[in-house]
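A quick write-up on the structure given underneath.
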Amino acid sequence: MKDQRPVVILIFIFLVSVILLAKLFTIQVLDDSFMKRAERNAIQRIVDHPYRGLVYDRTGKLMVFNNPIFDLMVVPKEFKVGDTTRFCQLFKISKEQLIEGYNAAKNYSRVKPSPLIKQISTTDFARIQDFLVDYPGLFIMTRSVRSYPTPTAAHALGYIGEISAGQLERDTLKYYSQGDYVGLSGLERYYENELRGKKGVKYKMVNVRGVDKGPFKDGEYDTASIAGKNITSTIDLDLQRYGEMLMNGKTGSVVAIEPKTGEILAMISAPFYDPNELTGAEFSKTYRRLNGDKAKPLFNRPIMAMYPPGSIFKIVQSLIGLQEGILTPNTTLSCNRSLVACHNHPNPVNLFGAIRNSCNPYYHQAYRMIINQGISSNTFKDTEIGLNAWREKVLKFGLGGSLGVDMFGEKGGDIPSSKLYDRIYGSGRWKYSTIYSLSIGQGEMQVTPLQMANLAAIFANKGYYYTPHLVKEIDGDPTLIPGKFQIRHDVGVDAHHFDLIQDAMAEALYGTANRAVIKDLVIAGKTGTAQNPHGEDHSVFIAFAPKDDPKIAIAVYVENAGWGGRAAASTASLMIEKYIKGEISRPALQEYVLAGNFN
Amino acid sequence: MRESDIHINRVDWIAVSIYFALVIIGWFNIYAAVYDSQVEKSIFDFSINSGKQLVWIGTAIALITIIMVADYRFFENLSLIIYGVFMLILIVTPFLGKEVNGQTLSIGFGDFRIQPGEFAKFATALALAKVMERPTFDLSKKNYQFIAFGVLFIPIALILLQPDTGTAMVYFSFLLMFYREGLPQWYFGLGLGMVTITLLALGIDNNLYLALAIVLLTAALIFLGKRTWQRILAFSLIGIGLIAYTYSIDFVVSKLPPHQQNRIMVLFNPDIDPLGVGWNVTQSKIAIGSGGLLGKGYLEGTQTKFDFVPEQHTDFIFCTLGEEFGWVGSLVVIGLFVGLLYRLVIMAERQKTRFSRIYGYGVISILLFHFMINIAMTIGLFPVVGIPLPFFSYGGSSLWSFTVLLFIFIKFDSSRATQLGRIS
């Protein structure tokens, strides 16, 4: 009996070892969850945020850059202040600030860094740098915020902000993470993928208290970040600033386009704001203020505001009539004010005279000829066929749908089809007398200021346009801009039909917009008035210049400023002079616009 | 000193080699546990634990030399006096020692401190060997059992006063020695039964199920055997006793200090409080579990190196090994321990005197207990008790006491040819 006991003891020893080794095999070899938990424990994934791309204007002037902000960080455990008075002098803070900051840092963690002094200026940073070595446990952390050397073009450039939960959800490629900054409007949003660059990743090891213990595997798995691409905008910074100066204190839009390319030279939405305010720590505060402002400074009027085109639309009617062969330069019609109201001008008028004098009854009659061509003997049916055929032609002018500018939120305006009237009056229960307002750009039609500027470009180009856009080059390469901005759109009207139009527009300036006339620079323009049921009408003017070799096409909207010949035409004329001549020869006119008293 | 006292050629070199292998592997692991790639310090740097451990190893070798040149009769003849001296030291420790975390474990001057509880192990082994060596000593008889347990319970009681539950538990390992020396088997049957019921009572939330199981089992045993009234009465009483014991466990546990309660509860559910009580076990398992089959490589471990595992250079030193050398490394070290224990059983069984055999089993008992419980606690098979891994863990007291414990036996073994055959 007793002799078996050593054997029992040996068996017990082996049994214990087998149990231990079996358990070890389970957690070490079979179960890999411990390996993952070990990685989560000790390896920190640190995202290396790339430098966001810069934005330049068309002449190479810097518009947007990344402004470094320096925070002085402290690691309380390592920090030794020595002489506090000297320290406070060097770092320009009070003793109370030092004690408060230090205690806050210590309460957060003794071994992890926290900010001691936030947002040190570049000059202070340069000064402080030399003293830093004397103070263990202090270091500078650099962040960057978007900055605008010239506070202009806020709406076009847009702003960046922290990514929203919804955006994160839609980010199927899982590029973004919580807290990332993304473009939220304007260029910043549209060209987010180009501007953002590519994030890099660094893996570093940390101990149980989160203290940095150097790179993991000597950085074998680290990837460097790639800086975002720089963007050259089509905006002319000087013109943009000048336009904002003119529009200051008013409500409205100015859009200037280079006709031959569709490049947007200036895009002003008034009232505007200083883009520098919508950055960094001030973002939320400023955003709340702007969002609550009754004047809606965040509303991007050039692409979002919609108005009836008014008299300016008569030019489109003329072109469609000419191309159809329904109108000729010799088509003469009487100014029959029983049809629609008009003002005093020679009577009757031919097409040239009709444009020059903006004759309402002329277009009432001409539009009827375009709509009711007698295709159906049923006048209701005939009107429906005519309206829809006419609409197709109007859409080719870039109206009735968004143009596709490189900004989000662009509205398309509205050119009505038979469906709209069927819905309002019932099918077969409306005819020309129902829709005649369309003849003079009133009624159920709406356009945006951008579409109006594009219309001016079409008149300048004699029948084609490039989709207006804000970006000229990406990374210095003009071919990298989206392909849709390099496609020519023809409006389906022969070029020779535009000669009469251009002449009439140039002539019209003397009749309706004398203020816009510039010596030795021929401007072709057309006034308009967008009816405003809520108050004073909106002043509208489109133009291009020089007439023989157009360099700029422009649309100006000044809300509640009455007739187009005053506020809008004056502003447009000054913009054109500024762009083409580089200087203003008519200080009085400039004063008139700046004063803003148009009625 | 007589020439015949040193028997170099009779020293069991297998046991000695395994001892040095464990000490050296342990030393390398202690370096890995404190290694910091940013502050590269040599393994010999005396400002870090591996350098200090080298001092402990050096002094341990000096102790070995002293033991080997001494006369084996010295330990045998003075065993009761050595025991007495250490019991006295244990008595005065709570009064003279330094209090750390409510425990008074060590005495000494300045930085030189020893833990008497560690050294009392070999003294107790010697004393037990001494009292049990007489040919008439029979553990199956009550009065001898009383003497043996008496010698054992004195140090247990004194260490519990410090209080150091972990070290006190180690002394129960001498039951293995008692088993070898003839303690009746039903003690172990009862012990095993109690342990099983204890574990079940702690692991099962509702003791009613356990009580029900005991009733059914008792009823079945009564039904299956002879149904005499004495037997029915005896089984019923045992059943009632067991149920009473079941319900007493929760009561006893609730009376334990909170940190000991938690150590027990964490064993059954390590996720109770992963950042608090469960931290040690969770982090220890993560460190070992992340080692995989072959480990992360020497000095490449992240969990132990970056302090995720507390006490990693002492009681949790096995984590460093498991993380950096994986299952294969664990296999090698466990293999070394099993090899040493196997060798010690062989050696104990070849002793000519009852004294040295009993002492040998004392050594086996203590080493086996430490090895088993220490590794089991690092992988969550046993509650966290603060006992070191023999020869591996950092610390002078621990290394010295295990070295003295082991080498006294190696000395006895090497001198066995000159011992008189008194074995019974």
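For every residue, the table says whether it meets (1) at pLDDT below 85; (2) buried (at least 19 other Cβ atoms within 10 Å of the Cβ).
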position	(1), (2)
B:Leu217	yes, no
B:Phe223	yes, no
B:Ala234	yes, no
B:Lys255	yes, no
B:Asn262	yes, no
B:Met265	yes, no
B:Asp271	yes, no
B:Val281	yes, yes
B:Gly289	no, yes
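B:Phe382 passes all but one of (1) away from chain A (no Cβ under 14 Å); (2) surrounded by fewer than 21 Cβ atoms within 10 Å (Cβ to Cβ); which number fails?
Going through (1) away from chain A (no Cβ under 14 Å); (2) surrounded by fewer than 21 Cβ atoms within 10 Å (Cβ to Cβ) one by one, B:Phe382 breaks only (1).
If you check B:Leu88, B:Leu128, B:Leu139, B:Leu105, which single one turns out to be assigned to a helix (DSSP H, G or I) and buried (at least 17 other Cβ atoms within 10 Å of the Cβ)?
Answer to the check: B:Leu128.
Does A:Asp236 satisfy being among the charged types (D, E, K, R), farther than 30 Å from A:Pro76 by Cα and either without any contact (Cβ under 8 Å) to a residue 60 or more places away in the chain or buried (at least 18 other Cβ atoms within 10 Å of the Cβ) (or both)?
yes
Among the residues of segment A:247-257, write down those that are within 16 Å of A:Leu455 (Cβ to Cβ) and either at pLDDT below 95 or in contact with a Pro (Cβ under 9 Å, 6 or more places away or on another chain) (or both).
Selection gives A:Ser253, A:Val254, A:Val255, A:Ile257.
If you take just the helices (runs of 4 or more DSSP H) that sit entirely in segment A:1-97, which of them hold at least 2 residues that are among the small types (Gly, Ala, Ser) and within 11 Å of another protein chain (Cβ to nearest Cβ)? Even if it seems obvious, please write down each step before you answer.
Working: elements: A:4-25, A:33-42, A:84-91.
Where helices (runs of 4 or more DSSP H) fall fully within segment A:1-97 and carry at least 2 residues being among the small types (Gly, Ala, Ser) and within 11 Å of another protein chain (Cβ to nearest Cβ), they are A:4-25, A:33-42.
Could you give me the residue pairs with C-beta distances under 8 Å whose first residue belongs to segment A:572-598 and is basic (Lys, Arg), whose second residue is surrounded by 11 or more Cβ atoms within 10 Å (Cβ to Cβ) wherever it lies, and which are 6+ apart or on separate chains?
Cβ pairs passing all conditions: A:Lys578/A:Asp238; A:Lys578/A:Leu239; A:Lys578/A:Tyr242; A:Lys578/A:Ile584; A:Lys581/A:Leu521; A:Arg586/A:Ile518; A:Arg586/A:Leu574; A:Arg586/A:Glu577.
Out of everything in segment B:277-300 that is β-branched (Val, Ile, Thr) and facing chain A (nearest Cβ under 10 Å), what residue ends up being nearest to B:Met265 (Cα to Cα)?
Of everything passing the filter in segment B:277-300, B:Thr282 is nearest to B:Met265 (Cα to Cα).
Tell me, please, whether a residue that is over 27 Å from B:Ala168 (Cβ atoms), more than 14 Å from chain A (Cβ to nearest Cβ), of a type in the set (A, V, I, L, M, F, W, C) and more than 23 Å from the chain's Cα centre (by Cα) can be found in segment B:74-93.
For segment B:74-93, residues over 27 Å from B:Ala168 (Cβ atoms), more than 14 Å from chain A (Cβ to nearest Cβ), of a type in the set (A, V, I, L, M, F, W, C) and more than 23 Å from the chain's Cα centre (by Cα): present.
Answer yes or no as to whether A:Lys213 is in contact with a Ser or Thr (Cβ under 6 Å, 6 or more places away or on another chain) and outside the structural domain of A:Gly535 (by TED's automatic domain parsing).
So A:Lys213 fails the test.
Taking the options A:Ile163, A:Ile128, A:Ile93, A:Ile120, name whichever one is buried (at least 16 other Cβ atoms within 10 Å of the Cβ) and closer than 30 Å to A:Met267 by Cα.
Being buried (at least 16 other Cβ atoms within 10 Å of the Cβ) and closer than 30 Å to A:Met267 by Cα holds for just one of A:Ile163, A:Ile128, A:Ile93, A:Ile120, which is A:Ile163.
Considering (1) touching a Lys or Arg at 6+ places or on another chain (Cβ under 8 Å); (2) assigned to a loop (DSSP other than H, G, I, E, B); (3) within 11 Å of another protein chain (Cβ to nearest Cβ), say which one B:Lys352 fails and leave the rest.
Going through the list (1) touching a Lys or Arg at 6+ places or on another chain (Cβ under 8 Å); (2) assigned to a loop (DSSP other than H, G, I, E, B); (3) within 11 Å of another protein chain (Cβ to nearest Cβ), B:Lys352 breaks only (3).
Among the listed residues B:Val309, B:Val363, B:Val338, B:Val333, which satisfies the condition of being within 10 Å of chain A (Cβ to nearest Cβ), of a type in the set (A, V, I, L, M, F, W, C), under 24 Å from B:Ser398 (Cβ atoms) and under 17 Å from the mean Cα position of the chain (by Cα)?
Only one candidate qualifies: B:Val338.
Considering each residue of segment A:242-300, count those that are outside any strand (DSSP E or B) and over 30 Å from A:Ile487 (Cβ atoms), and give that number.
First, pick out the residues of segment A:242-300 that are outside any strand (DSSP E or B): A:242-251, A:259-262, A:271-300.
Applying the additional criterion that residues be over 30 Å from A:Ile487 (Cβ atoms) yields A:242, A:244-251, A:271-298.
Final tally of qualifying residues: 37.
All but one of (1) without any contact (Cβ under 8 Å) to a residue 12 or more places away in the chain; (2) exposed (fewer than 15 other Cβ atoms within 10 Å of the Cβ) hold for A:Ile27; which doesn't?
Looking at each condition in turn, A:Ile27 falls short on (2).
To keep it simple, each residue is scored yes or no on (1) among the hydrophobic types (A, V, I, L, M, F, W, C); (2) buried (at least 21 other Cβ atoms within 10 Å of the Cβ).
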| residue | (1), (2) |
| --- | --- |
| B:Thr302 | no, yes |
| B:Gly326 | no, yes |
| B:Ser330 | no, yes |
| B:Gly335 | no, no |
| B:Thr378 | no, yes |
| B:Gly386 | no, no |
| B:Phe392 | yes, yes |
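Identify the residue in segment A:484-516 that is of a type in the set (Gly, Ala, Ser) and more than 33 Å from the chain's Cα centre (by Cα) and, among all such residues, is surrounded by the most Cβ atoms within 10 Å (Cβ to Cβ).
Start the filter on segment A:484-516 by keeping residues that are of a type in the set (Gly, Ala, Ser), which leaves A:492, A:495, A:504, A:506, A:508, A:511, A:513, A:516.
Next cut, more than 33 Å from the chain's Cα centre (by Cα) only: A:504, A:508, A:511.
On the way: A:Ala504: 22, A:Ala508: 24, A:Gly511: 14.
So, considering only residues that are of a type in the set (Gly, Ala, Ser) and more than 33 Å from the chain's Cα centre (by Cα), the one surrounded by the most Cβ atoms within 10 Å (Cβ to Cβ) is A:Ala508.
What's the number of the only condition in (1) part of a helix (DSSP H, G or I); (2) within 14 Å of another protein chain (Cβ to nearest Cβ); (3) basic (Lys, Arg) that A:Arg189 fails to meet?
(2)
Output the qualifying pairs, or none if there are none: Cβ atoms under 7 angstrom, residues six or more apart or on different chains, first residue in segment B:31-56 and within 14 Å of chain A (Cβ to nearest Cβ) and under 20 Å from B:Pro310 (Cα atoms), second residue in a loop (DSSP other than H, G, I, E, B) and β-branched (Val, Ile, Thr).
B:Ala33/B:Thr304; B:Val34/B:Ile48
Taking segment A:517-573 as the region of interest, how many residues are among the basic types (Lys, Arg), surrounded by fewer than 24 Cβ atoms within 10 Å (Cβ to Cβ) and more than 25 Å from the chain's Cα centre (by Cα)?
So the count comes out to 3.
Quick check on segment A:159-173. Is at least one of its residues among the hydroxyl-bearing types (Ser, Thr, Tyr), more than 29 Å from A:Arg110 (Cα to Cα) and either within 18 Å of the chain's Cα centre (by Cα) or in the same structural domain as A:Pro271 (by TED's automatic domain parsing) (or both)?
Looking through segment A:159-173, at least one residue is among the hydroxyl-bearing types (Ser, Thr, Tyr), more than 29 Å from A:Arg110 (Cα to Cα) and either within 18 Å of the chain's Cα centre (by Cα) or in the same structural domain as A:Pro271 (by TED's automatic domain parsing) (or both).
Residue under question is A:Lys213, and the condition is that it be basic (Lys, Arg), surrounded by 17 or more Cβ atoms within 10 Å (Cβ to Cβ) and either within 14 Å of chain B (Cβ to nearest Cβ) or part of a helix (DSSP H, G or I) (or both); does it hold?
yes
Condition first: out of contact with any helix residue (DSSP H, G or I) (no Cβ under 7 Å at 6 or more places or on another chain) and within 14 Å of chain A (Cβ to nearest Cβ). Now tell me which residues in segment B:158-182 satisfy that.
Of everything in segment B:158-182, those that are out of contact with any helix residue (DSSP H, G or I) (no Cβ under 7 Å at 6 or more places or on another chain) and within 14 Å of chain A (Cβ to nearest Cβ) turn out to be B:Leu175, B:Gly182.
Looking at (1) touching a strand residue (DSSP E or B) at 6+ places or on another chain (Cβ under 7 Å); (2) without any contact (Cβ under 8 Å) to a residue 40 or more places away in the chain, which is the one condition that is false for A:Asn67?
Against the list (1) touching a strand residue (DSSP E or B) at 6+ places or on another chain (Cβ under 7 Å); (2) without any contact (Cβ under 8 Å) to a residue 40 or more places away in the chain, A:Asn67 comes up short only on (2).
The values are calculated or read from the model by the stated rules, or taken from the named source; none is laboratory data. Quick caveat, the model's predicted, so the values are computed rather than measured. Glycine also receives a Cβ, built like all others from the backbone with ideal geometry; neighbour counts cover every protein chain displayed.
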